[in-house]
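First comes the structure, then the notes that go with it.
Read-outs throughout are calculated quantities, based only on the coordinates presented, and are distinct from any laboratory measurement. What you see is a predicted model, and the numbers here were worked out from it, not measured in a lab. We place every Cβ from the backbone using ideal geometry, glycine too, and count neighbours over all the protein chains shown.
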Amino acid sequence: MSLIRNTGCGWRHSLLCALAVAALAACGGGTSQREPFVPQRLISFGDESSVLVQDPAKPGGARKYAVNFIVTTNGVDTIDCAQQPLWNQTVANLYTFVFKECNAGAVALPQAATFAQAGGKVADLAAQIVVARADKGAFRHDDLITLLTGANDIVEVYENGVGTVSEDDMAADLRQRGEQLANVVNDLVREGPRVLLSTVPDLGLSPYGRAQEAQFPGRATLLSRLTRAFNEQLGVTIILDGSLIGLVQADQMVQAMSRSPGSFGLANANDAACLSSSLLPNCSSKTLIPNGDASNFLWADGIRMSYGGHAYLGQLAQARALRNPF
């Protein structure tokens with residue numbers, strides 16, 4: 001029996017299903033599970049795309065590196081971190097898990113937690129895993145891990161290398177980092193957990209990439225090629241038989257959204273929704289550009305997605321979790 005009433009195929013637009021099916025076909029995922037996998041815990045690693053920053057002054061509340069949803073009660077604005085969830089929160093919702101960092105209902109034993117960090121790179125994963133082990137103990141066969149990282153690596157290699165080293169050298173560096181990430185994931189699943197692993201969104205199509213292109217023609221396609229170098233090495237190095245790792249292809253999702261934003265219910269797939277003066281995680285529904293909207297903008301800032309991106313990525317990840325033969 002499904003653990004969710006709606007797997008996402010009827011949500012917002014049926015094109016989501018086409019993406020999910022295409023991703024499954026490309027990555028060897030099955031259309032049914034050999035045996036039901038029912039996780040008892042969800043643990044997130046990676047960069048700010050999976051971060052929930054707890055507010056010590058507001059127990060159960062957290063800020064996101066996306067557009068924070070504001071609720072106004074009696075003239076007082078508060079952030080509701082459960083609304084317009086990040087992609088890993090959407091995965092947690094599939095199992096009715098609550099993140100300990102976003103636990104306004106004071107659930108006694110929340111079954112989800114994130115150890116992702118703002119600015120995180122592939123090299124930071126080892127430390128995140130150490131912290132998780134200290135907090136959660138050994139990983140278990142009924143753990144589901146979500147992981148998205150690499151965007152900060154790509155920006156770092158690009159900014160440090162462009163104009164000083166060759167594209168081949170930059171791509172080689174990123175392929176090495178993609179392989180390093182894959183090896184971390186392979187080691188994790190050998191311990192027992194299942195992993196939902198997202199590729200990095202195509203940064204050549206991000207507001208950051210478009211700004212680089214406007215200043216230096218050709219830079220957007222360079223960023224796309226560098227993103228591809230990282231993602232391709234990641235894809236060919238992970239254990240990908242469908243039973244251990246589910247690969248969620250955020251790069252292909254962003255490419256499809258950029259080609260046809262209206263097909264995804266998006267009004268804007270090019271620009272950042274947040275004002276440049278409202279840096280994440282302090283951007284909210286009250287600090288957006290004119291006509292900005294978290295739900296129909298793909299991007300929140302230069303390289304981080306708004307809810308318009310997180311919603312679809314989360315639905316793709318849900319589909320992977322349900323259909324892979326974990």
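Put simply, the range 100-214 fits an ellipsoid with semi-axes of 32, 18, 11 Å; these come from the alpha carbon gyration tensor as the roots of five times its eigenvalues, largest first. Highest average first, the peptides 183-190, 37-44, 162-169, 315-322 ordered by how many other beta carbon atoms sit within 10 Å of their residues are 315-322, 37-44, 183-190, 162-169.
Would you list which aspartates and glutamates come within 15 Å of residue 121, measuring only between C-alpha atoms, while excluding same-chain residues fewer than 8 positions from it? Answer for residue 121, where 15 Å is the Cα cut-off: 47, 48, 153, 156, 159, 173, 179, listed by chain and number. A straight line joining the Cα centroids of the range 161-227 and the range 274-326 runs 19 Å. Residues whose amide H comes within less than 5 Å of that of residue 81, counting only those at least five positions distant or on another chain, are 62 (H built at 1.01 Å from N in the peptide plane).
Here the Karplus relation 6.51 cos²θ - 1.76 cosθ + 1.60, evaluated at θ = phi - 60°, turns the backbone of the range 96-113 into coupling constants of 6, 7, 10, 6, 4, 7, 9, 9, 5, x, 6, 4, 5, 10, x, 9, 10, 8 Hz, with x for every Gly and Pro.
Within the range 84-125, the proportion of Cα pairs with more than 15 Å between them is 47 percent. The alpha-carbon of residue 58 sits under 12 angstrom from the alpha-carbons of these aspartates and glutamates, leaving out residues fewer than 8 places away in its chain: 80, 101. Using the Cβ of residue 61 as centre and a radius below 10 Å, the other residues enclosed give a net charge of -1, where K and R count +1 and D and E count -1. Full extension of the segment from residue 130 to residue 187, taken as 0.36 nm per residue of separation minus the current Cα-Cα distance, would add 19.2 nm.
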